[in-house]
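Here's the structure we're looking at; comments come further down.
Read the figures in this text as sums done on the coordinates, not as results from a lab. Since we're looking at a predicted model, the values are computed, not measured. Positions of Cβ are generated from backbone atoms using ideal geometry, with glycine treated the same way; all protein chains shown enter the neighbour counts.
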2 protein chains.
Amino acid sequence: MNGAESLINALATHGVDACFANPGTSEMQLVAALDKQPGIRAVLCLFEGVVTGAADGYGRMADKPALNLLHLGPGFANGMANLHNAQRAGSPILNMVGDHATDHLQHDAPLTSDIKGMATPVSRSFRVSDNATGLAQTGLDALADSLSHNGTISTFVVPADHAWTDTNETLSELPDTPQAKISDTTVSEIAAQLRSASSSCLFLGGRTLRKDALHQAGRIAAATGCRLVTETFFARQARGVGRVPTERLAYFGEAATEQLAGTDLLVLAGTKAPVSFFAYPDKPSVLAPETATQCTLVDRDSDALDALTRLADTLNAPATPEVVTDYADYPLADGTIDANELGKVIANRLPEQAIVCDEGATNGLGAFLLTANAAPHDWLTLTGGAIGQGLPLAVGAAIACPDQKVIALEADGSGLYTLQALWTMVREQLDVTVVLLNNRSYAILNIELNRVGVEQPGPTALSLLDLSNPDLEWTDIARGMGMQALKVETVAEFDQAFANAMSQKGPCLIEVML
Amino acid sequence: MNGAESLINALATHGVDACFANPGTSEMQLVAALDKQPGIRAVLCLFEGVVTGAADGYGRMADKPALNLLHLGPGFANGMANLHNAQRAGSPILNMVGDHATDHLQHDAPLTSDIKGMATPVSRSFRVSDNATGLAQTGLDALADSLSHNGTISTFVVPADHAWTDTNETLSELPDTPQAKISDTTVSEIAAQLRSASSSCLFLGGRTLRKDALHQAGRIAAATGCRLVTETFFARQARGVGRVPTERLAYFGEAATEQLAGTDLLVLAGTKAPVSFFAYPDKPSVLAPETATQCTLVDRDSDALDALTRLADTLNAPATPEVVTDYADYPLADGTIDANELGKVIANRLPEQAIVCDEGATNGLGAFLLTANAAPHDWLTLTGGAIGQGLPLAVGAAIACPDQKVIALEADGSGLYTLQALWTMVREQLDVTVVLLNNRSYAILNIELNRVGVEQPGPTALSLLDLSNPDLEWTDIARGMGMQALKVETVAEFDQAFANAMSQKGPCLIEVML
């Protein structure tokens, strides 16, 4: 047995069952070890941004990490943007990065790279194995790190010689990762504040948006009349019929400020104080009223369900909160598709327990708002603002939850960043419907150009925001990656295409012209 | 005038004439400033790996940097792998990274990122402006850094408020970047060593492979009988009829060791001592014979042409070296295409002053070998081993040299990393012919799996190296990006398609089934 085999066996023994991979020469022993380990599903991705984005989707749905197999510094670098998003999502991520053999590093061969330097900005934990014998334990320590604090990014490096050197299999152990609980004092203080506030707001993020935690938040709202407002970009929210309704904080700062106006108490749970996404000349970054009292019930790293439950109980809240009851059944308009009609179709037809991966950008908001009373589902968003997350996220969610339909609500500009994900959807026959919203523009930037004060942009500025000339034909691109694809231009066409997709299993792409 | 305008004007005044861009909200003022500056050609790329790879191609051909416009840490991160390659190529690269306004950073908004941490592993110089008034000088200092040492990677950050704040245009200056020369002692010592060696070898890389420098190397060979061997992965080599012939060091260590066997003197010029690309169990990393004397004529950072010229003169070398004289005119075989037949077609039909961007991987070697006596051309390779370089490199080379035909010799696996480059080729109507070598496999890894000692790989291992299931149809993918595309399966079909492409201007893709 070599180091690679002992490592892969130890990870499989401790629950790792999926590996998103794009290996190279320095990882060939790891590939061979995966080959001998039937407990781990190895999934080839044709670009590392797909690997890390898929791991994010998997981590959000499985609450444990997949194993990412990456090729030295450049392989890691290609996955960094989606690691940034995963870090903001609080996803458990386990990056295994192959490196040159230790003796080879001194020679500065072409692929020699500062892996630690690259990993540090997007990893809470970084480890390198000391030798072949210790490799399995390094992997398990890294696995434990990824599970700590409700999910963090953990990166470990496997020098090629540690992988190929023979070793005895030793009994490696997975360290404990206990979850931090908040104090009784915090619970009783916040209960008192909620009782005396006149216009309170529970600002929810992270793990507070899971079904059971939201149930407790709903009890608190029932007891105190506080509003339930979610962060704008959350990792995963339980929504739809039977779930506690929430408001989502608006994206643009002006709208968010207005939404929070009049609040005298803001209780933060699983997230930080709301701030604007970008800064603008003469506009504030902080969104809550200056006069509001702010306090933190539970931070992102601690046990959200426990905190909300104890607060609800302290408030003697009713056992059953108000939940969404009526299923969406929107009449559809005729003609061309806009964000609103798109949302109606999706809301009407979303299957039970669907998972929506939303990178729909400017045209995705209608679907979000209108699915509030769709069938119960989970909604996943772009947490870190690094576009190119949606399609990979859908890959990972589908691997984690093979019995649930995944809808990737994707924009043309964002989708093109990591379009290689389509190929993996086909290779693995994942049950993903890609709804590709094609407006042939970085539309948000046309808005932003005006917002930063540019009133009369010229042709160069506009050409940097425009995705036509040439037109991107997503049905051709999808077919080039082996995926069944269809273009729709009217509401009726989209309704039919989406209905068909929901009634079948397997990958397909619907290009929606907006 | 705001900071962005003063910066962009200063860069344009000092020779920056192209900008590869993928901007976001925090860069809107820079976009507006580019809009007002007709001296800089702004080129939208739909993924930052295309931005940085294009800048590498531009830098290798223009010997000055393009300006890269990148969106915070994640935008930079997406470009890192090709910056790794550019760093290995010694290309002048100028990264301009937008960041949040300085007051906004404290709030840790979703896109807040450790830009310095990300930039450091792939930047020789890193700067952040202090205020709007100093922004233009920060940009010029960064430009000077990129031009130093024969070309380095220089990254500077533009906080959004420095871009949008009004300022007076000040007369900013471009610092000098003098080129280091080697000493007379070095020249005379190496001349003496070459005279007394019995089997000497000039190991050439970096700027020594430009036409004029190679001419001087040829004179040295004529005077001393030394061999001229190039590094395996060079940034740019002048080749073909009228140029000095060289040998290229083999990729696999065993072959390279054999190639250098018997050498008693290895003179390094513009590169470091040869080492194997990867390490393997029980195989040496160092490729030159242990008994050979090694010395450095000129390092990568210093003036290569000057060093070679002075050495040739010291050796009283003849004025005219041996050069390639006979144009390729290979008879073609019938039937299916292999690496050799592919190379014959390209060698026969390569136009004068063509630029070949070679990421052809396992099937590209035939074309390299057979074009030794093609029409005079420049050959650019994958310098850092981070795949996904070839298509972007071709974009940049074509922008730098609009009157020269660019051939992107691309492999299916590598090409898929940065396929968004096809769209930019069409948008900018670049004169690029993509020869896409499709063997539906990471073929090199099948070889490597065996070389690291895995003799009987199972289905999981093989599935991680295989690009079929589903088949990638590059003609569909290219058409989806607006590009004219054709698939060929026989030598005659390829010969006809390549002849057509060489006789026309503008972008097209030929998918070659191997």
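Quick notes on this one:
- Simple Cβ-charge dipole of region A:1-111, Lys/Arg +1 and Asp/Glu -1, about Cα centre, in debye nearest 20: 380
- Mean-position separation - Cα centroids, region A:134-181 and region A:339-359, in angstrom: 39
- Its Cα gyration tensor gives region B:148-223 an equivalent ellipsoid. The semi-axes, each the square root of 5 times an eigenvalue, are 46, 14, 11 Å from largest down.
- Two-decimal Rg to Rh for chain B - Kirkwood Rh, Cα set: 0.98
- Percent of beta bridges antiparallel (DSSP, chain A, rounded to nearest 5): 10
- Chain A - mean residue ellipticity at 222 nm from DSSP helices (-39,500 (n - 2.57) per run, n ≥ 4, rounded to 500): -11000 deg cm²/dmol
- Here the protein assembly as shown carries DSSP beta bridges of which approximately 10% are antiparallel, counting only pairs with both residues inside.
- For region B:429-446, Karplus couplings with θ = phi - 60° (6.51, -1.76, 1.60), whole Hz, Gly/Pro x: 6, 7, 8, 10, 9, 8, 9, 9, 8, 10, 10, 6, 6, 7, 4, 4, 6, 5
- Computed over region A:1-126, the quotient of the alpha carbon radius of gyration and 2.2 N^0.38 Å is 1.01.
- Here r is the Cβ-Cβ distance between B:Glu173 and A:Arg124 and R0 is 41 Å; the resulting FRET efficiency, rounded to 0.05, is 0.40.
- Projecting the Cα atoms of A:Ala501, B:Leu416, B:Ala197 onto the charge dipole of the protein assembly as shown, computed from C-beta unit charges around the Cα centre, puts B:Ala197 farthest toward the positive end.
- Residue by residue along A:472-483, Cβ atoms of other protein chains within 10 Å of the local Cβ number 6 on average.
- Amide H contacts under 5 Å for B:Ala485, placed H, 5+ residues apart: B:Leu509
- Alpha carbon centroid spacing (whole Å) that separates region A:392-435 from region A:238-315: 30
- Each peptide among B:6-12, A:495-501 gets the average number of other Cβ atoms lying within 10 Å of its residues, and from highest to lowest they stand as B:6-12, A:495-501.
- Residues whose placed amide H lies under 5 Å from that of B:Asp99, excluding near-sequence neighbours: B:Val158, B:Ala160
- Cβ-defined net charge surrounding A:Ala307, 10 Å radius [Lys, Arg +1; Asp, Glu -1]: 0
- Reciprocal of mean inverse Cα separation for region B:184-314 (Kirkwood radius, Å): 14.7
- Isotropically averaged projected area of region B:298-406, using the convex hull of Cα atoms (one quarter of hull area), nm²: 9.4
- Considering only Cα atoms, the convex hull volume of region B:348-502 works out to 123 Å³ per residue.
- Relative protection proxy for B:193-199, A:124-130, B:405-411, from highest mean packing down: B:405-411, A:124-130, B:193-199 (other beta-carbon atoms within 10 angstrom).
- Mean separation of Cα contacts under 8 Å, 6 or more apart, over the residue count of region A:130-214: relative contact order %: 30
- Restriction of the GluC sites (Glu not before Pro) in region A:292-371 to DSSP coil positions whose beta-carbon has at most 14 other beta-carbons within 10 angstrom yields A:Glu322, A:Glu352.
- Average beta carbon contacts from partner chains per residue of B:385-393, 10 Å cutoff: 4
- Exercise: per-residue mean of other protein chain Cβ atoms within 10 Å, A:426-436: 1
- Share of alpha-carbon pairs per 5 Å distance bin for region A:90-210, given as whole %: 2, 10, 14, 16, 14, 11, 8, 6, 6, 5, 4, 3, 2, 0
- Residue-count net charge about B:Phe156 - beta-carbon cut-off 9 Å; Lys, Arg +1, Asp, Glu -1: -1
- Within the shell of other residues whose beta carbon sits under 12 angstrom from the beta carbon of A:Ala375, the net charge comes to 0, with Lys and Arg scored +1 and Asp and Glu -1.
- B:Asn131 versus A:Ala192: modelled label distance in nm, points set 7 Å from Cα along the beta carbon direction: 4.8
- Label-point gap, in nm, between B:Tyr327 and B:Gln429 - each point 7 angstrom along Cα→Cβ: 2.9
- Cα centroid separation - region A:487-514 against region B:23-70, whole Å: 37
- Close amide-amide hydrogen proximity is noted between A:Asp431 and A:Gly506, each under 5 Å apart and 5 or more residues distant or on a separate chain (H modeled in the peptide plane; Pro and chain starts excluded).
- The protein assembly as shown - Rg and Dmax from Cα coordinates, angstrom: 29.2, 99
- Here the Karplus curve 6.51 cos²θ - 1.76 cosθ + 1.60, taken at θ = phi - 60°, turns the phi angles of region A:241-251 into couplings of 4, x, 9, 6, x, 9, 9, 9, 5, 5, 6 Hz, with x standing for Gly and Pro.
- Anchor B:Lys64: lysines whose Cα lies under 19 Å away (excluding residues fewer than 8 positions away in-chain): B:Lys211
- The charge dipole of the protein assembly as shown, taken about its Cα centre with unit charges on the Cβ atoms of Lys, Arg (+1), Asp and Glu (-1) only, comes to about 160 debye.
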